[in-house]
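Shown next, in structure tokens, is the structure this report addresses.
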Amino acid sequence: MTENIEQLLDDRATLIIYMVKQGEQWVRHSGGLIEKDETTRLIRASYDWQAVEKRQYEQEIGRRLYSTGSGATLRSSRAIPTDWIVSHVERYEPDLQNMPLFREVIIAYCEKKPMTLEEYKSLVYEREAQVSAESFGGNEQRYQEWLKSNET
């Protein structure tokens, strides 16, 4: 029975919610031109659609959250550290009586831990986009065509 349940959930994402730890300060999100600014305990939410065995969770206790910025090239991005560190994690598995929307829900509570300028500079890094046949839905032929079209 367990294998059947896991197979049913294979195509479901994991919902990851990063929140300010209770008692900590609240976060202000800029609404920009369209929406109003907002003060909330939610730092960010994300979904992980990768196969379970390939998931790399950012919500390990003690881990610093990162945001993403433009990189030096079109195929790169810059990982930028934030002041938020994961301090507590709660995982919730679905109630299987109803078909769940998510494989699991993870709430990672964070505390603010500011960095010095030197620490910040040492933690910023560039990362290149990794393209594989999986990027093309497992279609090896399309991947090979893409490789040929991008040869320099």
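With r as the distance between the Cβ atoms of L42 and D95 and R0 = 22 Å, compute the FRET efficiency 1/(1 + (r/R0)^6) and round to 0.05. The value I calculate is 0.40.
Rounded, prolate or oblate: which fits the range 100-152 when a ≥ b ≥ c are the square roots of the eigenvalues of the alpha-carbon gyration tensor, with rounded for a/c under 1.5 and prolate only if a/b beats b/c? Taking the square roots of the gyration eigenvalues as a ≥ b ≥ c, the range 100-152 is oblate. Site pair H88 and E140 shows an inter-label distance of 5.0 nm when each label is modelled 7 Å from Cα along Cα→Cβ. Label reach from S76 (point 7 Å along Cα→C-beta): in the range 98-137, amide nitrogens under 12 Å belong to 125-129.
No value in this document is a laboratory result; all are computed from the given coordinates. Only a predicted model underlies this, so the values are computations on that prediction, with no experimental measurement involved. In this analysis, Cβ positions are derived from the backbone assuming ideal geometry, glycine residues included, and neighbour counts consider all displayed protein chains.
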